[in-house]
Amino acid sequence: MATAQQGILGLLSPYPPGWGGVLLTGAVSTVAISACALAIGLLLGTGGALGKLSGNRVLRLLLDVYTTVIRAVPELILIVGLYYAGTDGLNRLLAALDLPPVEVNGFVAAVAVLGFVQGAYMTEVLRGAILAIPIGQIEAAKAFGMGPVLRFRRILLPALLPNALPGLANLWMSVTKDSALVAVVGYQELALATRLAGASTKHYFVFFLASALLYLAITLASNVVFKLIEGRVRRGQPRLA
Amino acid sequence: MSFTWISSYWPLLLTGAWQTVSLLVISVVFGFVLAIGLAFAQVSGGRLTRLAARGYCTFFRGTPLLIQLWLLYYGVGSLLPMIPGIRQSLFWPILREGFFFASVSFTLNYAAYEAEVLRGALLAVPKGELEAGQAFGLSPWKLTRRIWLPRAIRIALPTIAGEIVMQLKATPLAFTVTVMDLYAVANKVRQDTLLVYEPLLVVTLFYLALTAVIARVFRGLEAQVPVRR
């Protein structure tokens, strides 16, 4: 038993020949991909939510198509499809401009695809959060003569954050888990690193369990962080209405 | 856009669709049964069962389904042959199939999410209805079977529909463990014909149709019981 224990610890040690370092690097890139995708999603989602609420009918129709299609199609198909469509489209564009084709960086592709998917979900979360703000607060801001930008920064944003935060936390959890799907198109994050480690040592069980625990650690740590942020944005609010 | 490949691939597409639907039905049915147990363990279990059920849900909801699937297929799958006699047993043809591992991991995963939904629903059943049942002299078992659980499932129906659609959207992962599901067929068509978008489009339409069917079925189920608003 002692030797087996030693063997497993050796496999997971952070220094070669152990694979712990590879797994940890994978975990870091998982978090990095997810964070960048979330940031892009936030941008797209804010634009989408404001667009849907703007009252422009053509814009709203386009955004409805975007959110409906993205949310209805399986994530794996979206990621694979967008990955091919994105790199293909980019190279066609470059060819049309008489530029040489580029090999799209895996990280950029992963972030772009996941961010585009996140944006659709984010649009709905933020739209709901904005609609939940009492209309009087916005009217008051208008009455004070605030411009749209100032109103967004001073009134809308602080008021929507507490409403949107649970949804944002859910989206963060799902993007950390969806980022595992990027392994299927071949970018090395935690899931693919684990598979490599397993394939070259044949200790699949150990490595997959280890990476499941790493994902779990990411989830639990994010729970704590989101609880702290929620406490911060809800400061001064009554606990129960 | 060219769809001539469909004429030669439609039997394969049908098999793929069948595999996808069976994965969905198996995981939803068994997962739901498991979820009922997990939900009751959390709501009315002792300290230890409560903790175990909580831990189960946290683990399966906190890790990606892909990792769970690979942990089962590659990890447990590589340990299974070490059990003496298992290769000779009559279960072996099932146990070495990717389909088996996909069904098991989807079931376990679905159960974790569904248990959370049911837990909330069990707690949302109006207390007066349970007390009425008790006043009629129903035993705890009968009360659970006739009032508490059916009432909770009714409360949870819209959420359950959502969870089933989520589960449907997770099924393409099975292709990574050699299951010939609908997505895997699309993949094969791509490899054979070098068409990227057309097979994905056809498969996507199928998923959309299936989602519409699920939504329709649940709308029917919800209409079964009149609700006063």
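None of the figures in this text is laboratory data; all of them are computed from the coordinates on show. Since this is a predicted model, take the numbers as computed values, not measurements. Using ideal geometry, Cβ is built from the backbone for each residue, glycine included, and neighbour counts are taken over all protein chains shown.
What the table below lists for this structure:
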{"item": "The protein assembly as shown, helix-only ellipticity at 222 nm - DSSP H runs n ≥ 4, -39,500 (n - 2.57), divided by all residues, nearest 500", "result": "-25500 deg cm²/dmol"}
{"item": "Residue mean of other protein chain beta carbons inside 10 Å, A:206-216", "result": "5"}
{"item": "Reference-scaled alpha-carbon Rg (2.2 N^0.38 Å with N residues) for the range B:1-77", "result": "1.65"}
{"item": "Segments A:50-59, B:206-215 sorted - mean Cβ within 10 Å per residue, highest first", "result": "B:206-215, A:50-59"}
{"item": "Two-site label geometry, residue B:191 and residue A:209: point separation in nm, points 7 Å out along Cα→Cβ", "result": "3.2"}
{"item": "Positive-end extreme of charge dipole, the protein assembly as shown - chosen from A:58, A:190, B:100 (charges on Cβ)", "result": "A:58"}
{"item": "Mean projected area in nm² (Cα convex hull; one quarter of hull surface) for the range A:137-191", "result": "5.4"}
{"item": "Dipole magnitude of the range A:153-241, debye to nearest 20 (Cβ charges: Lys/Arg +1, Asp/Glu -1, about Cα centre)", "result": "440"}
{"item": "Rounded D (µm²/s) - chain A, Kirkwood Rh over Cα pairs, Stokes-Einstein at 25 °C, 0.890 mPa s", "result": "120"}
{"item": "Furthest towards positive pole of dipole, B:77, B:112, B:139, structure part chain B, Cβ charges", "result": "B:139"}
{"item": "Potential lengthening between residue B:96 and residue B:49 on full extension [0.36 nm per residue; Cα-Cα distance subtracted]", "result": "13.7 nm"}
{"item": "Along principal axes, Cα extents of chain B, largest first, whole Å", "result": "68, 52, 31"}
{"item": "Shape parameters for the protein assembly as shown, alpha-carbon atoms, Rg then Dmax in Å", "result": "24.5, 83"}
{"item": "Residue B:212 versus residue A:132: modelled label distance in nm, points set 7 Å from Cα along the beta carbon direction", "result": "3.3"}
{"item": "Computed over the range A:44-183, Cα set: Rg, Dmax in Å", "result": "18.2, 55"}
{"item": "Principal-axis tilt of helix A:20-53 within chain A, Cα atoms, nearest 10 degrees", "result": "20"}
{"item": "Average Cα contact separation per residue, chain B, under 8 Å, 6 or more apart, as relative contact order %", "result": "30"}
{"item": "For the range B:110-202, the fraction of alpha-carbon pairs in successive 10 Å shells from zero, as %", "result": "15, 28, 19, 16, 12, 8, 2"}
{"item": "Exercise: per-residue mean of other protein chain Cβ atoms within 10 Å, B:168-178", "result": "3"}
{"item": "Neighbour net charge for residue A:122 - beta-carbon separation under 14 angstrom, K R +1, D E -1", "result": "+1"}
{"item": "For A:69-78, mean number of other protein chain Cβ atoms within 10 Å", "result": "6"}
{"item": "Estimated dipole of the protein assembly as shown in Debye, rounded to 20 [Cβ of Lys and Arg +1, of Asp and Glu -1, Cα centre]", "result": "1720"}
{"item": "Proximal lysines to residue A:202, defined as alpha-carbon separation beneath 20 angstrom and excluding residues fewer than eight positions away on the same chain", "result": "none"}
{"item": "Candidates per trypsin sites (Lys or Arg not before Pro) in the range A:162-229, loop by DSSP, up to 13 other Cβ within 10 Å", "result": "A:202"}
